[in-house]
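Below is one structure, written out as structure tokens; the observations come after it.
The values are calculated or read from the model by the stated rules, or taken from the named source; none is laboratory data. In this text the structure is predicted, and so the values were computed from the model without any measurement. We place every Cβ from the backbone using ideal geometry, glycine too, and count neighbours over all the protein chains shown.
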Amino acid sequence: MSDVLEFAGVSVVRGGKTLLDGVDWQVREGERWVIMGPNGAGKTTLLQIAGGRMHPTRGMAGILEEVLGAVDVFELRPRIGLASAALASQIPEHETVLNVVLTAAYGMTGRWREKYEKLDERRAFRLLHDWGMSTYINRRFSSLSEGERKRVQIARALMTDPELLLLDEPAAGLDLAGREDLVQRLANLAADEEAPAIVLVTHHLEEVPPGFTHALLMRDGAVVAAGEIEAVFTEDHLSNAFDLPLSVQRDASGRYTATARR
Ligand SMILES: Nc1ncnc2c1ncn2[C@@H]1O[C@H](COP(=O)(O)OP(=O)(O)OP(=O)(O)O)[C@@H](O)[C@H]1O
Ligand SMILES: [Mg+2]
């Protein structure tokens, strides 16, 4: 079994609709994956399963060497950092930035002792510093700009020192400077050998950080292509996934661009 994710024939059916259709997928330690595909392709559903938030209707989902369905998900979830719009919408209006990051630790430890509190606080401060948010710790999360919120959410996802980091569209809603800042930060994270395995969902090739190693392309709940990034992000595979003839470029620094072919 692959050490991070091992999906075999994973299908999800809801209300008679097939959301995922026989997905096979392996993620190993140290790999950095991008998941791409059109709206409704099943990307978020796939991430929900990888995060132990949803069970497959059919097939086997191995996560961190445990099998979903045969493991206590409340022990599994703290080993996985997740940042998504759905999770952000659950954050109470009045919550401070520090608390948004800190509370991720309480889910894991399930205890409140002075010793852990101080340790956790130090880690939260450091993560907020790393993600350029140290001057915002006492601000309400709800008062932040979209770009600032995204950085806080990633700091929160890293709080439990996870073995797997799942990011669902972290660059959505960012302006050009905010996107470039985030792409650079994610490239730095990807280059960090201590960082967990990463799975990043995005709609745009321009948001793929250099250093990401693998890609999975989806369409209608099924895998169009998966494997090493250069072999997956070809004009043929991308045109097929998005049902549109595309011209794809990759520059010397490893950044991709895609435009409709004319
Ligand atoms: N409970 C449900 N019942 C029926 N259909 C559902 C349910 N949940 C999700 N879907 C459908 O499953 C499909 C896949 O949804 P999902 O959110 O995984 O797509 P996505 O690739 O993340 O899309 P986007 O790029 O828009 O975020 C969508 O068509 C969605 O409407
Ligand atoms: Mg989605």
Discussion item. Take residue 52 and tell me if it is part of a loop (DSSP other than H, G, I, E, B), small (Gly, Ala, Ser) and more than 13 Å from ligand 1 (Cβ to nearest atom).
Written reply: yes
Worksheet item: Do you know which residues across segment 1-33 are within 16 Å of ligand 1 (Cβ to nearest atom), charged (D, E, K, R) and exposed (fewer than 14 other Cβ atoms within 10 Å of the Cβ)?
Response: 14, 17
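When you look at residue 124, is it more than 16 Å from ligand 1 (Cβ to nearest atom), surrounded by fewer than 18 Cβ atoms within 10 Å (Cβ to Cβ) and in a helix (DSSP H, G or I), yes or no? Outline the logic, then answer.
Numbers: more than 16 Å from ligand 1 (Cβ to nearest atom): yes; surrounded by fewer than 18 Cβ atoms within 10 Å (Cβ to Cβ): no; in a helix (DSSP H, G or I): yes.
No; evaluated as a whole, the condition is false for this residue.
For every residue, the table says whether it meets (1) modelled with pLDDT under 95; (2) buried (at least 17 other Cβ atoms within 10 Å of the Cβ).
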position: 133; (1), (2): no, yes
position: 136; (1), (2): no, yes
position: 139; (1), (2): no, no
position: 155; (1), (2): no, yes
position: 158; (1), (2): no, yes
position: 162; (1), (2): no, yes
position: 168; (1), (2): no, yes
position: 173; (1), (2): yes, no
position: 177; (1), (2): yes, no
Worksheet item: What residue, of 75, 93, is assigned to a helix (DSSP H, G or I) and modelled with pLDDT under 95?
Response: 75
Worksheet item: How many residues are under 15 Å from residue 199 (Cα atoms) and among the aliphatic types (A, V, I, L, M) if we restrict to segment 46-68?
Response: 6
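Of all residues being under 17 Å from residue 4 (Cα atoms) and touching a strand residue (DSSP E or B) at 6+ places or on another chain (Cβ under 8 Å) in segment 43-53, which is farthest from ligand 2 (Cβ to nearest atom)? Just the residue, please. Give the steps one after another, and end with the answer.
First, pick out the residues of segment 43-53 that are under 17 Å from residue 4 (Cα atoms): 46-53.
The next check asks that each one be touching a strand residue (DSSP E or B) at 6+ places or on another chain (Cβ under 8 Å); those that pass are 46-47, 49-53.
Numbers: 46: 9, 47: 8, 49: 13, 50: 13, 51: 13, 52: 17, 53: 13 Å.
Selected residue: 52.
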Discussion item. Within 14 Å of the chain's Cα centre (by Cα), at positive phi and away from ligand 1 (no atom under 13 Å from the Cβ): is that true of residue 69 in this structure?
Written reply: no
Worksheet item: Among the residues of segment 241-262, which ones are touching a Lys or Arg at 6+ places or on another chain (Cβ under 9 Å), among the small types (Gly, Ala, Ser) and either buried (at least 19 other Cβ atoms within 10 Å of the Cβ) or within 17 Å of residue 37 (Cβ to Cβ) (or both)?
Response: 241
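Within segment 226-240, can one find any residue that is under 19 Å from residue 31 (Cα atoms), modelled with pLDDT of 95 or more and touching a Lys or Arg at 6+ places or on another chain (Cβ under 7 Å)? Before you say what the answer is, go through the steps one by one.
Kept after step one, since they are under 19 Å from residue 31 (Cα atoms), are these residues of segment 226-240: 226-233.
Add one more test, that the residue is modelled with pLDDT of 95 or more, and what stays is 226-233.
This time we only want the ones that are touching a Lys or Arg at 6+ places or on another chain (Cβ under 7 Å), so: none.
The answer is no, given that none of the residues of segment 226-240 is under 19 Å from residue 31 (Cα atoms), modelled with pLDDT of 95 or more and touching a Lys or Arg at 6+ places or on another chain (Cβ under 7 Å).
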Worksheet item: Is it fair to say residue 79 is under 14 Å from the mean Cα position of the chain (by Cα), more than 11 Å from ligand 1 (Cβ to nearest atom), free of Cβ contacts under 8 Å to residues at least 40 places away in the same chain and within 23 Å of residue 104 (Cα to Cα)?
Response: no
Worksheet, complete the sentence: Listed by range, strands (runs of 3 or more DSSP E) wholly within segment 183-251 having at least 3 residues that are closer than 22 Å to residue 10 by Cα are 197-201, 214-219, 222-228
